[in-house]
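Shown next, in structure tokens, is the structure this report addresses.
The values are calculated or read from the model by the stated rules, or taken from the named source; none is laboratory data. Please read these numbers as outputs of a predicted model, since none were measured by experiment. A quick note on method: Cβ atoms are made from the backbone with ideal geometry, for glycine too, and the neighbour counts reach across all protein chains shown. Side chains included, ligands, DNA and RNA excluded: accessible areas come from the protein's heavy atoms. Shrake-Rupley method; radii C 1.70, N 1.55, O 1.52, S 1.80 Å.
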Amino acid sequence: MVRTTGDPARAAGPVIEAMRGFDRDVPVHDVRTFAEVFASSIGPRRFPTLFLGQFSLAALVLAGLGIFGLMTYAVAQRTHEVGVRIALGARNRDVVRELLGESLRARVLRQPRRLRTRGPRPPLCRFLRSGV
């Protein structure tokens, strides 16, 4: 390993000649820069990591679209109520805040209750809750 200032690829030739000056019998092969060695060492992990990142991004986009769809459906069900509120003088900001607040409360607060009340617990859950 040799440290240089400037372009390491340009220094390869003089370094090889200097090594041959010390001992002609020592073979010099596979001369690469540290950046090339580093890139080849992380290369096998780069593709799976990028692939997983792309799937994670796709999952995030699909989750966002699902939430958007649920909110759109909830608002569409209450279109008449929204029209009446605005006609009676409610501000748009208040109507939107109430719709979002009710929808999120319904999803966040009611979902854990539904998960708790679904049938018998699997053996692992019973074991973990037993405190043993």
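Here is a yes/no grid of residues against (1) polar (S, T, N, Q); (2) modelled with pLDDT of 85 or more:
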site	(1), (2)
F22	no, no
V26	no, no
T33	yes, no
V37	no, no
P44	no, no
Q54	yes, yes
A63	no, yes
G69	no, yes
Any chance the range 77-90 includes a residue that's at pLDDT below 80, over 30 Å from D7 (Cα atoms) and surrounded by 10 or more Cβ atoms within 10 Å (Cβ to Cβ)?
no
Do you know which residues across the range 28-55 are open to solvent by less than 100 Å² (accessible area, probe 1.4 Å) and more than 30 Å from the chain's Cα centre (by Cα)?
V28, V31, T33
Which listed residue, of M1, M19, is in a loop (DSSP other than H, G, I, E, B) and open to solvent by 80 Å² or more (accessible area, probe 1.4 Å):
M1
Any residue in the range 56-84 that's closer than 17 Å to D94 by Cβ and outside any helix (DSSP H, G or I): show its pairings with residues that are open to solvent by less than 50 Å² (accessible area, probe 1.4 Å) and not basic (K, R) at Cβ separation under 7 Å, as long as the two are six or more apart or on different chains.
R78/L99
